[in-house]
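S.K.: One structure follows; several queries about it will come next.
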Amino acid sequence: MSKKISIVLSLMVVFATLLAACGTPQATATESAQPQGEKPAQKVTLRVLVHQNPPMVAFMESFNKQFQERHPEITVDMSVVNANDLSTVSQTRLSANDIDVLDIFGFANAVQPYMKQADPPNWQQLIEAGLLMDLTGQDFVQNYDANAIKDAGTYNGKVYAVNLGRVVYSGIYYNKKLFEQYNVKVPTTWQELVTACEIFKAANIPCMTAGGKDGWPIFVGAYGLLGAIYPDQAALVEGLWTGKIKWNDEKSLEMWRKMQVYARDMMEEGASGIAGDAAPGRFASGAVAMFPGGSWYAPAIEAAQPDFDWGYIPFPGSDNPEDNKYWFGKYDQGWAIAANTPNKDAALLYLKEFSEPANYQAFVDAVGFIPTQPTAKLNTKIGAEIAPYLANFRVGYEQYWVAPKGAGQYANPWASYFKPFGTFDDPVELANKVQEDLQAGLDAVK
Amino acid sequence: MSYHFGRGWSKLTPYLLLLPGLFFYFLISLGPSIATFFFSFTDATGIKGAPVNWIGFDNYREFLFMGRASIDNLDALKRTLIFSFVVTTVQFALGLLVALIVNQKLKFTNIFRTIYFMPVILGVVIQGLMWSLFLYPLGGPMAKLLALFGMRSEFLGGQPAEAFAWVIFVQIWANMGITMMIFIAGLQTIPVELYEAARIDGANAWQVFKNVTWPLLTPSVNTNLLLNAIGSLQAWQLFLVLLGYRNGTQVLGYLIYATGFGQTSGSVTSTFRQGYAAAASIVLFLLVLVIGMTLQTFLQRREKRILG
């Protein structure tokens, strides 16, 4: 008898385990076919994913609270991840049907006809796998600028994302008090920038800071150098792929020489240890004269030190002031919806309410984006600083660049390759290395 | 012959009881390993619903032979071997030394054991955060110490060789406690009588260690060497937490993670290449297999020779 019981028990254990393992979690709500963001029929938990950007996260928390008050049947469960991890987390959570609304960067790095054997970017992979919802025809899409929708959220004629704003990343924040105190002219040329740094360094004041711990903030500040020499960055990318432009030609060498000065002489010692989120606070403390970085840092600077007086100028990479009157930047954050969301109504309602002009205006005021809704205004301080050159806004190199397979790890125009952050001390040696690494990839995909 | 579970159908009982465990072993461990091998011959992206095409050895060809990137990959492989060798030997030696010290009948040995073991329980993120703060170049404790001697460093954000050396240091600091505990467990199995007999025979401390402790620690030595070697060959988390994707610092494990999850380009719209990352994983697996098997064969022979 006991043997039979042991057999029965063991079978029960086996089947219980198998059933437990193979079961699928119950959906949080039933799918509805209602379009245009109607109120869901039952209680749902709306899962939202955003990347870490403190002012944006603070705004979203406030927006979510109001949204939940207006719609008690919806609970918003917002997750925040580091920007570097956003694409990975989006992919895994979309694949697991574990997300409803997601933050997606403006569609960039599309493969161009002259790019051989290049893989499509992650947003294209997600769309082709049927993981993003087609938003074409949704009323809230009409609230946004048609060009922004076309450039940053449309693929094969269908809208998959609404882009929430452009950002500038080729500017420098400067400390007005220090500039006045040391009688330094706000630089409009490269030479004036060099002189300004020399004055501040002589006064024992670090010239520039950046969130070098995250890697990219060291080189992002130097986009102005790249832009001053190659204002048409789409043409630059095509030239590099087709061999018409080389990273070690005379024109590029000028850029490398300036980048060395930027990394070696302008950036403060220890900048490599400062986290991206901490850099605005370091600048706002008043200890540093300048902070090359993106317009998205402005709210963090204001939050860290509300009375701090700062300005924002285009990075003067050229000795001709006219060449320095451009902004280079990108389409930043956008919203997309998971194609397989069980909470379609709630997700559409969320984007619909977010896209209402008043809410959108509050969002751009909070994060400092250049609006992509035509009715929204540049109310912010950073908006006022950007406005004089806004007509000269251009999408930057990294939004176009796709590295050929087989290219080496140095095939990019980053200032961080120079000492003290990297190993290079000679601009010519670095230029040759960068071109060699790029050429290896171009030759490999011929 | 008596058989606990009886005869007939009852004989199946132990096998049925094993089934859940086997199921999870296949599901969580062996299954993904086989799938990784399969995916290494495809252009899989890891995205649900995306087409997966059989591309033969293309991923391996690209990883090992295509352009300058393949040379960078081989550099990462060399760096992995250097990392593993240094971590294994230093961690082993330090773990043994500390175990010998805290195994003495002295005051506060339990406190010291706890202190040395504590980093193990912290977790990689906490370990990374602690050392990032300690090595903060803008007035962190280590920067202040160097400043006393008129020196300075960017530490983790500076020269790749220096940053790499710091990761080795943190890896050893983080895992030395495990090595120490295994050695302590081994030391406590050695009969006290053997030490007493050796001392009566006039053996000095070195002779006692060489002729009693070291041979009888053989099982612990083998366990530690294998665990340290295999663990360090596969290490990648500390590289992610302390350095991120930086030229000249990647080891193979981190390169696989960064490639598989689109973090190599620094762009937020980079490509998912899990088929390619799977091929790199198989290369790492083969490396671990060859080194692990060679080491195990050598250690088993040594154990047989010493302990019979």
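The values are calculated or read from the model by the stated rules, or taken from the named source; none is laboratory data. Everything numeric here is computed off the predicted structure, so don't read it as measured data. Positions of Cβ are generated from backbone atoms using ideal geometry, with glycine treated the same way; all protein chains shown enter the neighbour counts. In case anyone asks, the SASA skips ligands and DNA or RNA and just uses the protein heavy atoms, side chains included. Shrake-Rupley method; radii C 1.70, N 1.55, O 1.52, S 1.80 Å.
S.K.: Using θ = phi - 60° and the Karplus curve 6.51 cos²θ - 1.76 cosθ + 1.60, what whole-Hz ³J(HN,Hα) does each residue of segment B:202-208 get, with Gly and Pro shown as x?
M.R.: x, 6, 7, 4, 5, 5, 5
S.K.: Related question: Between A:Tyr326, A:Phe283, A:Leu178, whose Cα lies farthest towards the positive end of the dipole of chain A when Lys and Arg beta carbons carry +1 and Asp and Glu beta carbons carry -1, centred on the Cα centre?
M.R.: Value computed over the given set: A:Phe283.
S.K.: Also, I was wondering about something else. If you put +1 on each Lys and Arg Cβ and -1 on each Asp and Glu Cβ, how big is the dipole of the protein assembly as shown around its Cα centre, in Debye rounded to 20?
M.R.: Computed charge dipole of the protein assembly as shown: roughly 2760 debye.
S.K.: For a test of the definition: using alpha carbon positions, the gyration tensor, and the 1.5 limit on a/c, classify chain B as rounded, prolate or oblate.
M.R.: oblate
S.K.: Related question: Only Cα pairs within less than 10 Å get springs; with that Gaussian network setup on chain B, which residue of B:Tyr276, B:Tyr245, B:Tyr195 has the largest fluctuation?
M.R.: B:Tyr195
S.K.: Which one of B:Asn59, A:Val364, B:Gly31 has its Cα pushed farthest toward the positive end of the charge dipole of the protein assembly as shown, where Lys and Arg give +1 and Asp and Glu give -1 at the Cβ?
M.R.: Looking along the dipole axis, the top candidate is B:Gly31.
S.K.: Continuing with this model, one more query. Counting other Cβ atoms within 10 Å, which chymotrypsin sites (Phe, Trp or Tyr not before Pro) in segment A:100-189 have at most 15 and lie in a DSSP loop?
M.R.: Taking segment A:100-189 and a limit of 15 other Cβ atoms within 10 Å, the loop chymotrypsin sites (Phe, Trp or Tyr not before Pro) found are A:Tyr114, A:Tyr182.
S.K.: Give the angle, between 0 and 90 degrees and rounded to the nearest 10, that separates the Cα long axis of helix A:233-242 from the longest principal axis of the Cα atoms of chain A.
M.R.: Once rounded, one gets 90 degrees.
S.K.: In addition: Using Cα atoms only, what is the angle between the long axis of helix A:250-261 and the major principal axis of chain A, expressed in degrees (0 to 90) to the nearest 10?
M.R.: Approximately 80 degrees, to the nearest ten.
S.K.: Carbon and sulfur: what percent of segment B:59-307's accessible surface (1.4 Å probe)?
M.R.: That fraction is 70 percent.
S.K.: Averaging sequence separations of C-alpha pairs under 8 Å and six or more residues apart, then dividing by the length of segment B:1-90, give the relative contact order as a whole percent.
M.R.: Relative contact order here is 12 percent.
S.K.: Further question: Once you order the gyration tensor axes a ≥ b ≥ c over the Cα atoms, which shape class does segment B:101-211 get: rounded for a/c under 1.5, otherwise prolate or oblate by comparing a/b with b/c?
M.R.: Verdict is prolate for segment B:101-211.
S.K.: Return the residues of segment A:74-90 for which accessible area with all protein chains present is lower than in the chain on its own by 10 Å² or more; set the probe to 1.4 Å and exclude ligands, DNA and RNA.
M.R.: A:Ala83, A:Asn84, A:Asp85, A:Ser87, A:Thr88
S.K.: Which value, in Å², gives the accessible area per residue of the protein assembly as shown when a 1.4 Å probe is used on the protein heavy atoms?
M.R.: 45 Å²
S.K.: Let me ask you something else. Express the relative contact order of segment B:59-307 as a whole percentage, based on alpha carbon pairs under 8 Å and six or more residues apart in sequence.
M.R.: With pairs under 8 Å counted, the relative contact order is 26 percent.
S.K.: Magnitude of the Cβ-charge dipole of segment A:136-191, K/R +1 and D/E -1, about the Cα centre, nearest 20 debye?
M.R.: 240 debye
S.K.: Using the membrane-span-like helix rule (whole DSSP H runs, Cα extent along the own axis of at least 24 Å, mean Kyte-Doolittle hydropathy at least 0.0), which helices of chain B qualify?
M.R.: Going by DSSP H runs, the hits are B:67-102, B:160-187, B:274-307.
S.K.: Can you compute the charge dipole magnitude of chain B about its Cα centre, using +1 on each Lys and Arg Cβ and -1 on each Asp and Glu Cβ, nothing else charged? Give it in debye, rounded to the nearest 20.
M.R.: The dipole of chain B has a size of about 460 debye.
S.K.: Short version: which residues of segment B:225-265 lose at least 30 Å² of accessible area, all chains versus chain alone, 1.4 Å probe?
M.R.: B:Asn247, B:Phe261, B:Gln263
S.K.: Averaged over A:119-126, how many beta carbons belonging to a partner chain fall within 10 Å of each residue's beta carbon?
M.R.: Counting other chains' Cβ atoms within 10 Å and averaging over A:119-126 gives 6.
S.K.: Past 31 Å, Cα to Cα, is the threshold; run A:Lys116/B:Lys48; A:Lys116/A:Lys251; A:Lys177/A:Lys246; A:Lys176/A:Lys352; A:Lys213/A:Lys352 against it and keep the listed order.
M.R.: Exceeds cut-off: A:Lys177/A:Lys246; A:Lys176/A:Lys352; A:Lys213/A:Lys352.
S.K.: Defining a contact as two alpha carbons under 8 Å apart and six or more residues distant in sequence, what relative contact order in percent does chain A show?
M.R.: 25 percent
S.K.: Just to confirm the number: angle between the C-alpha axis of helix A:2-22 and the first principal axis of chain A, 0 to 90 degrees, nearest 10?
M.R.: Compared with the principal axis, the helix lies near 40 degrees.
S.K.: Are there any residues in segment A:247-278 with a reduction of at least 10 Å² in accessible surface when going from the isolated chain to the assembly of protein chains? Probe 1.4 Å, please list them by number.
M.R.: Going by heavy-atom accessible area, the residues of segment A:247-278 that drop by at least 10 Å² are A:Glu269, A:Gly270, A:Ser272, A:Gly273, A:Ile274.
S.K.: While we're on this one: By its C-alpha gyration tensor, with a ≥ b ≥ c as the square roots of the eigenvalues, how is the protein assembly as shown shaped: rounded for a/c under 1.5, else prolate for a/b larger than b/c, else oblate?
M.R.: oblate
S.K.: Given H placed 1.01 Å from N in the peptide plane, which residues other than close sequence neighbours of B:Gly248 have an amide H under 5 Å from its amide H?
M.R.: none
S.K.: Which residue, chosen from B:Leu216, A:Phe393, A:Asn340, occupies the Cα position most advanced towards the positive end of the dipole of the protein assembly as shown, where the dipole is computed from +1 (Lys, Arg) and -1 (Asp, Glu) charges on Cβ about the Cα centre?
M.R.: Projecting each Cα onto the dipole axis, the largest value belongs to B:Leu216.
S.K.: What is the set of long-range amide H partners of A:Val162 at a cut-off below 5 Å, with H atoms built 1.01 Å from backbone N?
M.R.: It is A:Trp335, by chain and number.
S.K.: Holding the Cα-Cα limit at 19 Å, pick out from A:Lys185/A:Lys377; A:Lys330/A:Lys405; A:Lys344/A:Lys377; A:Lys244/A:Lys325; A:Lys185/A:Lys325; B:Lys210/B:Lys304 the pairs that are longer than that.
M.R.: Too far apart for the 19 Å limit: A:Lys185/A:Lys377; A:Lys330/A:Lys405; A:Lys344/A:Lys377; A:Lys244/A:Lys325.
S.K.: Using DSSP to call loops (not H, G, I, E or B), can you name the trypsin sites (Lys or Arg not before Pro) in segment B:102-193 whose Cβ has at most 11 other Cβ atoms within 10 angstrom?
M.R.: Within segment B:102-193, the qualifying trypsin sites (Lys or Arg not before Pro) (loop, at most 11 other Cβ atoms within 10 Å) are B:Lys105, B:Lys107.
S.K.: Follow-up. Taking the Cα centroid of segment A:141-155 and of segment B:8-66, what is the distance between the two, rounded to the nearest whole Å?
M.R.: Segment A:141-155 and segment B:8-66 have Cα centres separated by 41 Å.
S.K.: At the nearest 100 Å², what buried accessible area, both sides summed, do you get for A and B when the probe is 1.4 Å?
M.R.: Summed over both sides, the interface buries about 4400 Å².
S.K.: For segment A:157-173, in order, what is each residue's ³J(HN,Hα) by Karplus, 6.51 cos²θ - 1.76 cosθ + 1.60 with θ = phi - 60°, in whole Hz (x at glycine and Pro)?
M.R.: Per-residue couplings from phi come out as x, 10, 8, 10, 7, 9, 8, 9, x, 9, 10, 9, 10, 10, x, 10, 7 Hz.
S.K.: Considering only protein heavy atoms and a 1.4 Å probe, what is the carbon-and-sulfur percentage of the accessible area of segment A:117-256?
M.R.: With neighbouring chains kept in place, the figure for segment A:117-256 is 47 percent.
S.K.: Quickly estimate the mean residue ellipticity at 222 nm for chain B, helices only: each DSSP H run with n ≥ 4 gives -39500 (n - 2.57), and the total goes over all residues, rounded to 500.
M.R.: -21500 deg cm²/dmol
S.K.: Here's a follow-up. Could you state the number of Å between the C-alpha centres of segment A:276-349 and segment B:268-308?
M.R.: So the separation of the two Cα centres works out to 44 Å.
S.K.: Name the long-range amide H neighbours of A:His51: under 5 Å, sequence gap of 5 or more, or other chain; modelled H, no Pro or chain starts.
M.R.: Residues meeting the amide H criterion: A:Val81.
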